Amino acid sequence: QYNQIATYRIQNNNGFLRQSSIVGTGGTNPIQAVVTASGTYVYVLNYGTGTAAAHQPSSIALFSIGGHGGLTYQTSFTPKGFNTKNIVISGNFLYALDEFAPGPGGPGPGGIQSYGDISAFSIDGATGRLTAIPNTQQTDSNNLPLFYFPVGTNPTWLSLSGAYAYVAEQGPVGSKNPD
């Protein structure tokens, strides 16, 4: 079957895995699953049907975790940019690294930007639902806050540690790093 998320029970005495359930991922091409620290919710990153050339919006599906690790689909959320690479949770916040930032009139196909972005969300502890966090440091052409945080060109991975976010960036295609 395609586009599924499987739950496995881990036996604590020997680490053996036993499959306990399978559900649909709420999207296409799942590439990552992250669990909240409370163990109450799972977020599944569905890459979508796009390719690097198509710049497809990805989705983040929310599941509640029930008895025996069973998952129940709740709803989905969309990061602001395109081709989401990974998602990371830190406390009550979820961050999504997008390969391409949104933007009308950007230099890329379909008006996207040539740089990436991080979409930031707050997590509602009672429902698991995500709320986009505005970037009040930068505004759009209408002087409204952006709902993403720009990063460098061709970002590939996001990692968090304490109060810092680290983004691996490959830079512009065809560029060379100085020796």
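Within region 114-138, the set of residues being open to solvent by less than 30 Å² (accessible area, probe 1.4 Å), free of Cβ contacts under 8 Å to residues at least 40 places away in the same chain and over 17 Å from residue 34 (Cα atoms) comprises 117, 135. Taking every residue in region 139-152 that is in a loop (DSSP other than H, G, I, E, B) and pairing it with any residue that is of a type in the set (S, T, N, Q), at least 6 positions away or on another chain, the pairs with Cβ-Cβ distances below 6 Å are 148/119. When residue 28 is evaluated against the numbered criteria (1) modelled with pLDDT under 95; (2) in a strand (DSSP E or B); (3) open to solvent by 40 Å² or more (accessible area, probe 1.4 Å), which criterion, by number, is the only one it fails? Of the numbered conditions (1) modelled with pLDDT under 95; (2) in a strand (DSSP E or B); (3) open to solvent by 40 Å² or more (accessible area, probe 1.4 Å), the odd one out for residue 28 is (2). Scanning region 146-163 for residues that are of a type in the set (Phe, Trp, Tyr) and either open to solvent by less than 60 Å² (accessible area, probe 1.4 Å) or at pLDDT 95 or above (or both) gives 148, 149, 157.
From the list 64, 38, the one residue that fits, being within 26 Å of residue 20 (Cα to Cα), open to solvent by 20 Å² or more (accessible area, probe 1.4 Å) and either in a loop (DSSP other than H, G, I, E, B) or modelled with pLDDT under 95 (or both), is 38.
The values are calculated or read from the model by the stated rules, or taken from the named source; none is laboratory data. If you're wondering where the values come from, they're calculated on a predicted model, not measured in any experiment. When we count neighbours, we look across all protein chains shown, and the Cβ atoms used for this are built from the backbone with ideal geometry, even at glycine. Protein only, heavy atoms only, side chains kept; ligands, DNA and RNA dropped before computing areas. Shrake-Rupley method; radii C 1.70, N 1.55, O 1.52, S 1.80 Å.
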